[in-house]
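Engineer: Mind looking over this structure? Questions follow.
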Amino acid sequence: MASDTAATDAGRDFIRDIIQSDLDAGRVQGLVTRFPPEPNGYLHIGHAKSICLNFGVAEEFGGRCHLRFDDTNPAKEEQAFIDAIMRDVRWLGFDWGVHLYHASDYFEQLYDWAVHLIRTGCAYVDDLPVDEMRAMRGTLTEPGRDSPYRNRSVDENLDLFARMRAGEFPNGARVLRAKIDMAAGNMNLRDPVLYRILHTEHPRTGTAWCIYPNYDFAHGQSDAIEHVTHSLCTLEFEDHRPLYDWFLDNLPVPSRPRQYEFARLNIAYTVLSKRTLTELVRQQKVRGWDDPRMPTIAGLRRRGVPPEALREFVRKIGMARAASVVDIALFDFTVREHLNASAQRRMAVLRPLKLVIENYPEGQTEALTAINHPDKPEAGTREVTFGREIYVEREDFMEVPAKGFFRLSPGREVRLRYAYLVTCRSVVKDAAGEVVELRCTYDPETRGGNAPDGRKVKATLHWVATADAVPAEIRLINHLFTRPDPGADGDIMADLNPESLEVLSGAVVESDLLGEVINRKSARLEPETYQFERQGYFRMDPDSTGEKLVFNRTVGLRDTWAKVAASGG
């Protein structure tokens, strides 16, 4: 487990207060929690909140946390999703040890308990079509109506249920329902479905089963089998708790878990509906589950978000029962804060403009010393090549400078980071009048960027020497949706941000980064996230090759999106 989790996640909240009270009063002898994902997609940042809570409190209180896959719907489940979920939990810094389980481990026991409910008159086989069954459930203001099959005899129900298991009936022909109360105010108690027929091969059990328990039936009983003490889940399951308690009251379960609900994570400009995320992937609106624009843990990892920053974000937002929307700026700030302290610095020019130093000897280059982190001497230094021709950012030059613009313009002197003071003397334009090259001179007495006579300049620019430049593709990641409440007008796809991904194919970076991709691929290590000076934080993408590097922007140096959103721009 993550060694810093107990320290960073130990802020008091109502969940931790409940656990402490239960332990102090002796209501439980040891804490057991679980994280129970459905393997029908990738985990997202909302799941990270649950992961940090369940694994975090287990570590904090000396208990254990199980990883259990709720694999009760083989039509939507894949081994690839199972592998991705385990990878994500480990990446966040947690481990379940020997406590890896699947709901499918308990299929036989769950079937036996369903038979027990039939024998005690608490369950029956229903032949109603789905639409009729739904119509007869009633509404929030009107009671439901009993199914005509509700009063079948125990023997008939046992026979039909056994034949359902044997595969005698097609999909949808029959279901097993709990017999509770069709007039209950809680809709979940109006004879919920326990089992349905599904002739689909299961990733773990193959074709051994053609009936599968519904989530509500499998979930609580799996907790009881594993002796989970505190079943922690989000608020949408609060109305399901009376049903879970009814199962515990009517089944010979070995333990009695207690469910506690907390508010799910909601983030502005972000969608955390797995159904919507699945549609984004299916419709190819994104490049896959790990697209850096996606709020999936895999997408955040590919974008360059460190696991420590994600855990810190969860700690900051805390655990509460009241639903709220978290400002996306808080997430970006947390990531930026962490990376500012940890990320090594490099220079990259995203939109290059050639600069020629006319009084620098042709064919000559020199090695300059650049620091890897301004606040960490132990991070050391590196050498960068300087020569007659370099690239600077196109936006760092204005032929007719606006008020307050202190970077390059004709006749103006600026500092090149780690190098020299240079002065722009003239520009070269193409046939269309576009500036394609700057002609400058340098002061050889200012090596390191300082003038012996003490003269000052108002701008320091980053750069990359043409002799040392490595081609790079820069992917500028922006918010996937244009509004803070995507889909509020009904069509969530209409709120997709057409500028969520901007690809700059002509960028250049230091050659130091070329060795990084070669070394890391050979060692199978995850790439680091770097600060490109004056640009933001970027992580090398797996698409990188020895010929061309690819970087995703993790987060900018400041919160520019908030300003754009506020201005409506």
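Engineer: Would it be correct to say that D485 is out of contact with any Cys (no Cβ under 7 Å at 6 or more places or on another chain), closer than 27 Å to V414 by Cα, open to solvent by 20 Å² or more (accessible area, probe 1.4 Å) and assigned to a loop (DSSP other than H, G, I, E, B)?
Structural biologist: The answer is no for D485.
Engineer: Residues of the range 194-212 being open to solvent by 20 Å² or more (accessible area, probe 1.4 Å) and in a strand (DSSP E or B), which ones?
Structural biologist: R196
Engineer: So, of the residues in the range 526-569 that are open to solvent by 20 Å² or more (accessible area, probe 1.4 Å) and on the phi > 0 side of the Ramachandran plot, which turns out to be modelled with the highest pLDDT?
Structural biologist: Here the residue is R534.
Engineer: Can you run down the residue pairs with Cβ atoms below 6 Å, 6 or more apart or on separate chains, where the first is in the range 402-424 and surrounded by fewer than 20 Cβ atoms within 10 Å (Cβ to Cβ) and the partner is not in a strand (DSSP E or B)?
Structural biologist: Matching pairs, first to second residue: F405/M398; F406/K458; F406/A459; R407/D396; R407/A459; S409/M398; S409/P401; R417/H462.
Engineer: Enumerate the pairs (first residue in the range 350-366 and under 24 Å from Q535 (Cβ atoms); second residue anywhere and at pLDDT 95 or above and open to solvent by 80 Å² or more (accessible area, probe 1.4 Å)) with beta-carbon separation below 6 Å, excluding pairs fewer than 6 apart on the same chain, so at least 6 apart or on different chains.
Structural biologist: Close Cβ pairs (under 6 Å, with a partner that is at pLDDT 95 or above and open to solvent by 80 Å² or more (accessible area, probe 1.4 Å)) amount to R351/R394; L353/R394.
Engineer: Tell me which residues, restricted to the range 88-100, are touching a residue at least 12 places away in the same chain (Cβ under 8 Å) and either surrounded by fewer than 19 Cβ atoms within 10 Å (Cβ to Cβ) or in contact with a Gly (Cβ under 7 Å, 6 or more places away or on another chain) (or both).
Structural biologist: Correct list: W91, D95, G97, H99, L100.
Engineer: Go through (1) open to solvent by 70 Å² or more (accessible area, probe 1.4 Å); (2) part of a strand (DSSP E or B); (3) over 26 Å from L368 (Cα atoms) and name the single condition V436 misses.
Structural biologist: All conditions pass for V436, except number (1).
Engineer: Follow-up question, since we're still on this one. Pick out the one residue from T270, T278, T234 that is touching a residue at least 24 places away in the same chain (Cβ under 8 Å), closer than 30 Å to R483 by Cβ, in contact with a Gly (Cβ under 6 Å, 6 or more places away or on another chain) and among the hydroxyl-bearing types (S, T, Y).
Structural biologist: T278
Engineer: What is the one condition in (1) of a type in the set (D, E, K, R); (2) closer than 21 Å to F14 by Cβ; (3) open to solvent by 20 Å² or more (accessible area, probe 1.4 Å); (4) within 27 Å of the chain's Cα centre (by Cα) that E261 does not satisfy?
Structural biologist: (3)
Engineer: Scanning the range 498-518 for residues that are part of a loop (DSSP other than H, G, I, E, B) and more than 15 Å from P471 (Cβ to Cβ), which turns out least open to solvent (accessible area, probe 1.4 Å)? First the steps, then the outcome.
Structural biologist: We begin by selecting, within the range 498-518, every residue part of a loop (DSSP other than H, G, I, E, B); these are 498-500, 510-511.
Right, trim to more than 15 Å from P471 (Cβ to Cβ) and you get 498-500.
Values: P498: 119, E499: 132, S500: 5 Å².
Going through the qualifying residues, I end up with S500.
Engineer: Scan the range 311-341 for residues that are without any contact (Cβ under 8 Å) to a residue 40 or more places away in the chain and either of a type in the set (K, R) or under 30 Å from V384 (Cα atoms) (or both) and jot them down.
Structural biologist: Residues satisfying the conditions are K316, E337, H338, A341.
Engineer: If a residue must be in a helix (DSSP H, G or I) and either under 16 Å from P39 (Cα atoms) or touching a helix residue (DSSP H, G or I) at 6+ places or on another chain (Cβ under 7 Å) (or both), how many such residues does the range 56-67 contain?
Structural biologist: 4
Engineer: Any residue in the range 478-506 that's closer than 21 Å to R282 by Cα: show its pairings with residues that are open to solvent by 50 Å² or more (accessible area, probe 1.4 Å) and not acidic (D, E) at Cβ separation under 6 Å, as long as the two are six or more apart or on different chains.
Structural biologist: From residues that are closer than 21 Å to R282 by Cα, the pairs are D495/T482; D495/R483; N497/T482.
Engineer: Oh, and also: Before we move on, is E413 farther than 21 Å from I371 by Cα, at pLDDT 95 or above and in contact with a Lys or Arg (Cβ under 7 Å, 6 or more places away or on another chain)?
Structural biologist: On the way: farther than 21 Å from I371 by Cα: yes; at pLDDT 95 or above: yes; in contact with a Lys or Arg (Cβ under 7 Å, 6 or more places away or on another chain): no.
When the stated conditions are applied, E413 does not pass them.
Engineer: From H219, H227, which residue is touching a residue at least 40 places away in the same chain (Cβ under 8 Å), open to solvent by less than 30 Å² (accessible area, probe 1.4 Å) and not aliphatic (A, V, I, L, M)?
Structural biologist: Matching residue, one of H219, H227: H219.
Engineer: So, one more: Return yes when E445 is among the charged types (D, E, K, R), assigned to a loop (DSSP other than H, G, I, E, B) and open to solvent by 10 Å² or more (accessible area, probe 1.4 Å) and no when it is not.
Structural biologist: Here the answer is no, as E445 does not meet what is asked.
Engineer: I would also like to ask the following. Which residue pairs have Cβ atoms under 8 Å apart, sit 6 or more places apart or on different chains, and have a first residue in the range 371-394 that is more than 30 Å from L438 (Cα to Cα) and free of Cβ contacts under 8 Å to residues at least 12 places away in the same chain and a second that is crowded, with 16+ Cβ neighbours inside 10 Å and among the basic types (K, R)?
Structural biologist: none
Engineer: Can you tell me which condition A268 does not meet? The list is (1) touching a helix residue (DSSP H, G or I) at 6+ places or on another chain (Cβ under 6 Å); (2) surrounded by fewer than 17 Cβ atoms within 10 Å (Cβ to Cβ); (3) not β-branched (V, I, T), and all the others hold.
Structural biologist: It is condition (2) that A268 fails.
Engineer: Do the conditions hold for T207, that is, is it hydroxyl-bearing (S, T, Y) and either farther than 19 Å from R165 by Cβ or touching a residue at least 24 places away in the same chain (Cβ under 8 Å) (or both)?
Structural biologist: No; evaluated as a whole, the condition is false for this residue.
Engineer: So for the range 515-524 (the condition being within 20 Å of the chain's Cα centre (by Cα) and either of a type in the set (D, E) or at pLDDT 95 or above (or both)), does at least one residue qualify? I'd like the intermediate steps shown before the answer.
Structural biologist: To start, the set of residues in the range 515-524 that are within 20 Å of the chain's Cα centre (by Cα) comprises none.
No, the conditions are met nowhere in the range 515-524.
The values are calculated or read from the model by the stated rules, or taken from the named source; none is laboratory data. What you see is a predicted model; the values in this text were computed from it and never measured. Counting neighbours? That spans all protein chains shown, and the Cβs are built from the backbone with ideal geometry, glycine included. The protein model used for the area step is the full one, side chains on, heavy atoms only, and it has no ligands, DNA or RNA in it. Shrake-Rupley method; radii C 1.70, N 1.55, O 1.52, S 1.80 Å.
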